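Visitor: Please find one structure pasted underneath; my questions will follow.
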Amino acid sequence: MTHPQIAVLMLMDEHRDKPMSLISREVGLERSSFTRAADQLVKGGYVERKVSTKDRRVVFIIFTEKGNSTVKMIKNDWERYFKSLTAHLEAGEKKEFFNAVNTVSLYMNKIMVETYQQG
């Protein structure tokens with residue numbers, strides 16, 4: 001799995017139960033780029049597409065067991081990694097660190113989306 005695929009998978013996780021078109025708008029990906037990423041994740045067995053029973057134009061992304069376990073593994077890995085980074089910090093320093101990480105994360109998501117759109 002590539003870094004952009006991981007990024008899109010994690011973005012999909014944050015926006016579960018929303019149609020693909022809404023997710024792509026919310027994360028700033030062009031529909032074609034998002035569709036390409038979804039295609040790769042479907043081929044990899046991480047997600048499935050589900051067409052709305054109310055409106056066939058609306059498509060949802062449903063996580064497979066493989067996708068759910070992969071997201072869980074990624075989150076656990078990040079949690080262990082950040083705990084190891086902050087084990088020696090005091091409570092106030094940890095709060096400051098995580099605020100900084102959240103800010104960096106927002107910018108990294110934007111960069112990864114832009115990078116994915118370019119190629």
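Visitor: Hey, among the residues in the stretch 12-69 that are of a type in the set (S, T, N, Q) and within 21 Å of Met108 (Cβ to Cβ), which one's surrounded by the most Cβ atoms within 10 Å (Cβ to Cβ)?
Guide: Per the stated criteria, the residue is Ser24.
Visitor: Looking at the stretch 99-118 only, could you name the residues that are at pLDDT 80 or above and of a type in the set (Val, Ile, Thr)?
Guide: Val101, Thr103, Val104
Visitor: When the residues of the stretch 1-19 are filtered to those that are β-branched (Val, Ile, Thr) and part of a helix (DSSP H, G or I), which remaining residue is farthest from the chain's Cα centre (by Cα)?
Guide: Ile6
Visitor: Of a type outside the set (Phe, Trp, Tyr), under 13 Å from the mean Cα position of the chain (by Cα) and closer than 15 Å to Gln5 by Cα: which single residue out of Thr35, Thr70 fits that description?
Guide: Details: Thr35 fails: under 13 Å from the mean Cα position of the chain (by Cα).
After ruling out the rest, the residue left standing is Thr70.
The values are calculated or read from the model by the stated rules, or taken from the named source; none is laboratory data. Everything numeric in this text was worked out from a predicted model, so none of it was measured. Every residue, glycine as well, gets a Cβ built from its backbone with ideal geometry; the counts of neighbours run over all protein chains shown.
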